[in-house]
Amino acid sequence: STTKTIAVGVIPAVPGTPSVHASGPSNKPVVTVSWSAVAGASSYTVEETDPGSSVGDTFYSGPNTSASSIIFATGSVKFRVKACNATGCSGWSGYGSVTLQSDFGLTAPAEASSVQGGAQ
């Protein structure tokens, strides 16, 4: 009789859903998003939805539990996160949001009415 050995691996469970928090001063365009670490997660994907949009874009994807960026938007910017591992991803978290002002203290240069000098 022949004996065969079979190695059995354990497939990790899909990680749970993290919670998200977004913060930033309303008068500056710097937004920091943080989320809870989830057991078994190897990476996280954070989605950003700008004011007036129903479609989100990837804000961050990687192993960290926080990310910052400069966002030039007016109004409430929403964020949600999901945790992933080799087996799959959790569902999306609820939304966290931060409300941003429109001008961030910046002023656009006045439009030039004429140009003088330069090459002839």
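Tally time: how many residues in region 5-57 are assigned to a loop (DSSP other than H, G, I, E, B) and in contact with a Pro (Cβ under 8 Å, 6 or more places away or on another chain)?
7
Residues in region 72-120 that are closer than 15 Å to residue 57 by Cα, at pLDDT below 95 and aliphatic (A, V, I, L, M): 73, 77.
Being in contact with a strand residue (DSSP E or B) (Cβ under 6 Å, 6 or more places away or on another chain) and among the aliphatic types (A, V, I, L, M) is the filter; apply it to region 34-69 and report the residue that is surrounded by the most Cβ atoms within 10 Å (Cβ to Cβ). In this case the residue turns out to be 46.
Restricting attention to region 32-48, the residues that are of a type outside the set (A, V, I, L, M) and without any contact (Cβ under 8 Å) to a residue 40 or more places away in the chain total 4.
The values are calculated or read from the model by the stated rules, or taken from the named source; none is laboratory data. What you are looking at is a predicted structure, and each value in this text was computed from that prediction instead of being measured. Cβ atoms come from the backbone with ideal geometry, glycine included; neighbour counts cover every protein chain shown.
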